[in-house]
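J.: Mind looking over this structure? Questions follow.
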Amino acid sequence: MKPRTLLILLTVVVALGAFIWFYERKLPSSEERTENAKKVVALKKEDIQAVTLETASGKVSFERTVSPEAVEQKKDGDKKDQKDAEGEDAQAPSAGDWKLVQPMAARADAFAVDGLLDALTGLQKSRTLEKVDRAATGLDKPRATIRLKTADGETVLRLGAEVPTGGELIAGVDGQDSAAVVSDSILTQVQRDPGSWRDKQLFRAGRDAISRITLTPAAGTATAPISPVVLAQKDGVFRLERPFADRADRDESDDLYADLSGLTAEKFIDDPRSPADLGLQPPQAVVDVAFAKGEPLRIEIGGPVAEAAPAPQAPGQPPEPPPQAMVYARIGTQLFETRTRLAQTALLPPADWRARGLSAFEVYQVESATVQDAAMSLRLTRAGTDWKRGTETISYVPVSDFLFAVTGAKADRLLTAAESQALGADLGKPALTLDLETKGEGGRDAGKETLTLYPAIAAGTPARVNGRDVVLLLPGDKLQEIQGKWAEVKKARPLGEGGKK
């Protein structure tokens, strides 16, 4: 045989082999084909775009808020701009997000919908009934009708009569002459009260998605009005905007976000009760949340819910802490009962929102520090896991201990200029000055702050932070502690000169 002929035959064989490999690798295995043959609904969960349930409880319809294809397109777009991706992660669309469209407009419980789709697409038949009489099997007047919409059309599943032996029922798909015998446990997934499909988690935005939070307590009097507290968020850090500009307390703002993200409806109220009867006209407190993108959210907190007395404690058992009181609340027109601290948070005096921490930074954020004491000025910069002291490399241990003492310092009191003079806090010459700087990441600007500590007085250790108009009165021994840690940094031996780790 000629070499040319051999080459042609070899090319044909390789091409045929490649075609068979590419074609057959997409086909289901024999085991998969056996499993698919048992399924009643031949659909993939991710392909379903809308669901309608028709039961004795009523008609419920929900739809995906975004298609899986749109999610993939957004992911591809975000890869082109990492900065935007980081800023929008909190509100990025998800293929698992669903919305109720009937009998009410609301966000659907994604976990409940996901469980329903798992049950429907995984529904298996124990046996097949050929050429069934729809009237005799209850499929002409089904106990439940489920409509599943995909890009290719609509699949209608009907659940009919129970099988006399119990534990099973007849299920049929429109357009098929046969029917299937399936477990009646599917009914628990579809025969739910329409309102129970609502998402009980009422706040799902990430911290970085928030631009501003306004806390408004119940109105005061004409002579003593209550000012709302306004907090603005940037790079995950909250600052006070009103009634004065200052750094917000980290613990208080963390608690506020935890209260928002944990807001859950324990019970939805659909009966036409008067908002005044629920303490919502006017509300006891209002929390307005504005987002960098999307519609703002208003949460109104009402009066307390009358609850049954707790069960008596068993003898010898330690007492359990009382649960957070249940209150009425409203978002938009939806009334619900919830356990939340948002009302108490909104009632905090504005002064309590001012940060008591000396530094706004955590130790891990600090990239460099210039420290000036009475004798000298030294610059510290990160060098891998260790630190540079000037041009010398020293162990991270003394530097970390020093920075922990600084960033962990908290004021017992915040003093105005008049209050500091009344205490005799004549600040005078600083005892220690620190210029801290963080590294900008993900498009964020590097943070800088200057901390100035003054000699201790009888009431404590006065300190100032650039950009703040208050004097922080730290505990009396805090300056001595920080100076002791600073002395350890100055005397630390350079690595390689007896200071090797």
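The values are calculated or read from the model by the stated rules, or taken from the named source; none is laboratory data. All of these numbers come straight from a predicted model, not from anything done at the bench. As a convention, Cβ positions derive from the backbone with ideal geometry for all residues, glycine included, and neighbour counts pool all protein chains shown.
J.: Tell me, which residue of segment 146-156 that is touching a Lys or Arg at 6+ places or on another chain (Cβ under 8 Å) and of a type outside the set (D, E, K, R) is surrounded by the fewest Cβ atoms within 10 Å (Cβ to Cβ)?
T.: So in segment 146-156, the residues touching a Lys or Arg at 6+ places or on another chain (Cβ under 8 Å) come out as 146, 154-156.
Imposing the further condition that a residue be of a type outside the set (D, E, K, R) reduces the set to 146, 155-156.
Details: Ile146: 24, Thr155: 19, Val156: 17.
Selected residue: Val156.
J.: I would also like to ask the following. Here is a check on your reading of the model: is Ala375 free of Cβ contacts under 8 Å to residues at least 40 places away in the same chain, not polar (S, T, N, Q) and not assigned by TED's automatic domain parsing to the domain that holds Pro296?
T.: Criteria met by Ala375.
J.: Right, here's the next one. Considering only segment 323-340, state which residues are closer than 13 Å to Val305 by Cβ and either of a type in the set (A, V, I, L, M, F, W, C) or in contact (Cβ under 8 Å) with a residue 60 or more places away in the chain (or both).
T.: Selection gives Ala325, Met326, Val327, Ala329, Leu335, Phe336, Glu337, Thr338, Arg339, Thr340.
J.: Under the condition of being in contact with a Leu (Cβ under 8 Å, 6 or more places away or on another chain) and surrounded by fewer than 17 Cβ atoms within 10 Å (Cβ to Cβ), which residue from segment 436-451 is modelled with the lowest pLDDT?
T.: My answer is Lys448.
J.: Step by step: first the residues of segment 243-296, then only those that are among the hydrophobic types (A, V, I, L, M, F, W, C) and assigned to a helix (DSSP H, G or I), then the one that is surrounded by the most Cβ atoms within 10 Å (Cβ to Cβ). Which residue is that?
T.: Leu256
J.: Any residue at all in segment 184-200 that's surrounded by 20 or more Cβ atoms within 10 Å (Cβ to Cβ) and within 30 Å of Arg247 (Cβ to Cβ)?
T.: no
J.: Then there's this: I want to confirm something. Restricting to segment 341-367 and keeping residues that are in a helix (DSSP H, G or I) and without any contact (Cβ under 8 Å) to a residue 12 or more places away in the chain, which single residue is farthest from Leu415 (Cα to Cα)?
T.: Here the residue is Tyr364.
J.: Could you check segment 107-223 for strands (runs of 3 or more DSSP E) lying wholly inside it with 1 or more residues that are under 30 Å from Asp254 (Cβ atoms) and either modelled with pLDDT under 90 or not acidic (Asp, Glu) (or both)? Steps first, answer last, please.
T.: Numbers: elements: 125-129, 144-150, 153-162, 168-173, 179-183, 210-217.
Ranges flagged: 210-217.
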